[in-house]
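Remarks on the structure that follows.
The values are calculated or read from the model by the stated rules, or taken from the named source; none is laboratory data. Predicted, not measured: the structure shown is a model, and the values here were computed from it. We place every Cβ from the backbone using ideal geometry, glycine too, and count neighbours over all the protein chains shown.
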Amino acid sequence: MNLTIFVFFTLTVPCPFLARCVLHPMNIKWFKSISSTQKYLINSPPTYRDTLPVVATTLQTRGIGRANNTWLSLTGSLSFSYVAPACIAYIDVIGRVRHVLKDLGVDARCKWPNDVLVSDGVAVHKVCGALIDRIGGHAVVGIGVNLGYACTCTTGCKGCIGIDEHEWCTESEDGAVDECQRSCSTTKYKTVSEITGVEITPHAFVERYFSVGDPLYAYDLCEYVNYNGERMAVIDKRELRLKDRNGKVHVIDPMLYSYDYSGHSILDK
């Protein structure tokens, strides 16, 4: 479609590419359904990725995770992928998601490396996951958010998606889904609407996500965490680098480890 939006990438460490290109025009392509927005961009020609596109959907049938697991999106979810400079980090992505949710009335927190959590006052629920794939000088960033919105548009989706009926992309027909498979695949997750009562449309979320310019994201990490049986100082929250009592620096691989908030510990995935 022809909608053009702009994305601001303001990071906490120097990035020469970003310094030259703080403001990126990006074209968004909406699918009624697609197997994976992430795979769509990864498998696209390099010349297409160079245009810095955004691919979005409200029905993703084979979303992919960091462990190559797949899932079906919840009803009323938002999934989108976009191209960013290769130096982007997980905390930049989920920090931005948290910032957007808080701006839209939802008290959320980051769970390193790639989740965003929301509490219902009793339990904490995952409402968003992120994935980053590095391809040459680019990164393909994928985000899935369980918004739980209910589309009430009578013609097209102008109110909740921001497009008219004829603007849906139809070049991919791989989104068919069996309803039994859907119900069996999504029972453990809740939506932002279900947890908090706050209704957020995909259009509002995407528009805000690509216009956030505040770099002061709250990273929800303590100054010290437990790793390898030792209490280590956190010297870089963006990439999660730790320093032990002997001064040795440990770089924590987000593909292998996660952060446990209850014990302030780094755990194997």
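Odds and ends about this structure:
- Filter pass, Gly175 being in a loop (DSSP other than H, G, I, E, B), modelled with pLDDT under 85, within 15 Å of Gly76 (Cβ to Cβ) and not assigned by the TED database to the domain that holds Ser258: no
- For the range 129-158, filtering for residues that are buried (at least 19 other Cβ atoms within 10 Å of the Cβ) and farther than 22 Å from Pro113 by Cα leaves 3.
- The lone exception for Cys180 - which of (1) modelled with pLDDT under 90; (2) assigned to a loop (DSSP other than H, G, I, E, B); (3) on the phi < 0 side of the Ramachandran plot it fails: (2)
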